[in-house]
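Remarks on the structure that follows.
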Amino acid sequence: MKEYRKHLTAVLLAIISIAVLAGCNSDDGKASGKSDPLKVHIALNGKMGPLVIAKEKGLFNEEFSKLDAQIEWSEFQSGPPLLESLASNRVDLSFLGDGALIAGIDKNLPFEVIAQTGRGESSVRILAQAEGKIKQIEDLKGKTVGVASGTTGHVYLIKALKAHGLTTDDIKLINLQPDDAQAAFETKQLDAWAIWNPYYLNNIEKGNAVALKVKGKILAPGAIIARNSFAEDHPEIVEAYLKVYKKAADWQIENPDEASEIYSKETKLPVSTVKTIITAEKPNIFFTEDAIKAQQESIDTLAGVGYIKKSFNFKNQINNEYIDDAFKK
């Protein structure tokens, strides 16, 4: 019996020792001074743009590994659903077209504007059926027009109608996300469609559509954004994000053929179509005066038609701190 008790005691001590050691090695590595990498939630807004290049070529790996950070990617067809995730703290960094950007600022959503994506001169058009009777903007009166509400396409449509003496009250507006609108346009359930690239050029090249001419030049600049609390807590991550975004944009400019191949795989569009799109306008993350002016015109227009509560000064919404620190000479 005595020997049995000794044996039992030894077994219990061994079990306790294993449990203690397991506890020391658990707790996510905290006992050894290690912690899990910071999760950074970056959202893709569509299937084209420098973020797609950065993801495909692993450009974030070096910059973010220095900061013990890892990316969790998400993808959206357009800005409005992206804003919903951002408001729920599920997006930290991304970019937006002018429609979602302006609506988000109007609603006081928790993000700040930290850079731009470009002037947006070639990005949006209003398409009409190739064999239809709509030949000019004025012909849209009473017709069914598809657009994703709150997007850059929506802003473009409002501004184009205004330039020709019309409003959205003069048309039958159907709120559709791009993929759904594509199907509706192909089956001729839509007379017209306000949409951005690569959709508009692809439809024109396939012979499905014609682009309607608009008076004047309508710019649709996009903006790079950061969620407020994330940027405040991790300014070094925001700066690294901007560096990688610019690196990817510069790489695209210098390597249009390879970039077109990457986008072609993502969009399933011909390489030649993609190359036409990405060489029409160079991405530029530094704010230009004409882009700021275009944003202000969009804000004033949307306030005038009651789409947003009131106008505001766009320049006051820009935080240059991160881009200045990221690229200081």
Do we have Asp179 as of a type outside the set (S, T, N, Q) and over 25 Å from the mean Cα position of the chain (by Cα) here?
no
Kindly provide the set of residues from region 220-252 that are open to solvent by 20 Å² or more (accessible area, probe 1.4 Å) and not in a helix (DSSP H, G or I), ordered by number.
Arg227, His234
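Residue-wise test of (1) among the charged types (D, E, K, R); (2) closer than 28 Å to Lys162 by Cβ.
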residue	(1), (2)
Thr267	no, no
Ala294	no, yes
Ser298	no, yes
Ala303	no, yes
Gln317	no, yes
Asp324	yes, no
Phe327	no, no
Taking region 294-329 and keeping residues of a type in the set (S, T, N, Q), touching a residue at least 24 places away in the same chain (Cβ under 8 Å) and either part of a helix (DSSP H, G or I) or within 21 Å of Ser123 (Cβ to Cβ) (or both) leaves Gln295, Ser298, Thr301, Gln317
Please find, within region 134-184, the residue that is surrounded by the most Cβ atoms within 10 Å (Cβ to Cβ) out of those that are among the small types (Gly, Ala, Ser) and more than 28 Å from Thr267 (Cβ to Cβ).
Ala163
Could you list all residues from region 74-89 that are in a loop (DSSP other than H, G, I, E, B) and among the small types (Gly, Ala, Ser)?
Ser78, Ser88
Close pairs (8 angstrom Cβ cut-off, 6 or more residues apart or separate chains): modelled with pLDDT of 95 or more in region 247-264, of a type in the set (Lys, Arg) and in a helix (DSSP H, G or I) anywhere:
Pro256/Lys275; Asp257/Lys275; Ser260/Lys275
Answer with yes or no whether Gln295 is more than 21 Å from Pro178 (Cα to Cα), within 21 Å of the chain's Cα centre (by Cα), modelled with pLDDT under 95 and open to solvent by less than 20 Å² (accessible area, probe 1.4 Å).
yes
So Thr187, is it modelled with pLDDT of 95 or more and open to solvent by 10 Å² or more (accessible area, probe 1.4 Å):
yes
Any residue that is crowded, with 19+ Cβ neighbours inside 10 Å and under 12 Å from the mean Cα position of the chain (by Cα) - is there at least one of those in region 61-75?
no
Give the number of residues within region 304-329 that are under 28 Å from Ile158 (Cα atoms) and either at pLDDT 90 or above or touching a Pro at 6+ places or on another chain (Cβ under 8 Å) (or both).
12
Take the conditions open to solvent by 40 Å² or more (accessible area, probe 1.4 Å), out of contact with any Cys (no Cβ under 8 Å at 6 or more places or on another chain), of a type in the set (D, E, K, R) and modelled with pLDDT of 50 or more and apply them to Glu3. Does it pass?
no
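The values are calculated or read from the model by the stated rules, or taken from the named source; none is laboratory data. Please read these numbers as outputs of a predicted model, since none were measured by experiment. Positions of Cβ are backbone-derived with ideal geometry, glycine not excepted, and every protein chain shown enters the neighbour counts. Accessible surface is based on the protein model in full, side chains and every heavy atom, while ligands, DNA and RNA are left aside. Shrake-Rupley method; radii C 1.70, N 1.55, O 1.52, S 1.80 Å.
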